[in-house]
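The values are calculated or read from the model by the stated rules, or taken from the named source; none is laboratory data. The shown structure was predicted, so the numbers you read here are calculated from the model rather than taken from an experiment. With ideal geometry, Cβ positions are generated from the backbone for all residues, glycine too; neighbour counts draw on all protein chains shown. Heads up: the accessible areas ignore ligands, DNA and RNA and are worked out on the full protein's heavy atoms, side chains in. Shrake-Rupley method; radii C 1.70, N 1.55, O 1.52, S 1.80 Å.
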Amino acid sequence: ESAPDSVDPAAASRFDTLDVQMQVRAGLDRLPPRQAELMILRHYRGYALDEIAQAWAISYGAAKAIHHRAMVGMRNALEGSDR
């Protein structure tokens, strides 16, 4: 039997999703622990930055700065850059 000419879109989507999840996990692993924790709380658990700041007993500005550094780190990790 020959291979099908087309790829099942649902199967391809699952592989794409798994690949993205693996890339995000690798990016989180490259961040300092505090930045990784903030990213998980903010983007996976849905906490607002002011809630995280209050829980960590830091200012909103400090939480915002940690988030910004984490976003830059994730962007660099996902682009394969070490800037």
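Accessible area of D19 (1.4 Å probe, protein heavy atoms only, ligands and nucleic acids ignored): about 80 Å². The label-point distance for T17 and R45, in a model that sets each label 7 Å from Cα toward Cβ, rounds to 2.4 nm.
Round to the nearest 0.05 the FRET efficiency obtained for R69 and E37 when R0 = 22 Å and r is the Cβ-Cβ distance. Efficiency, from the Cβ-Cβ distance: 0.95.
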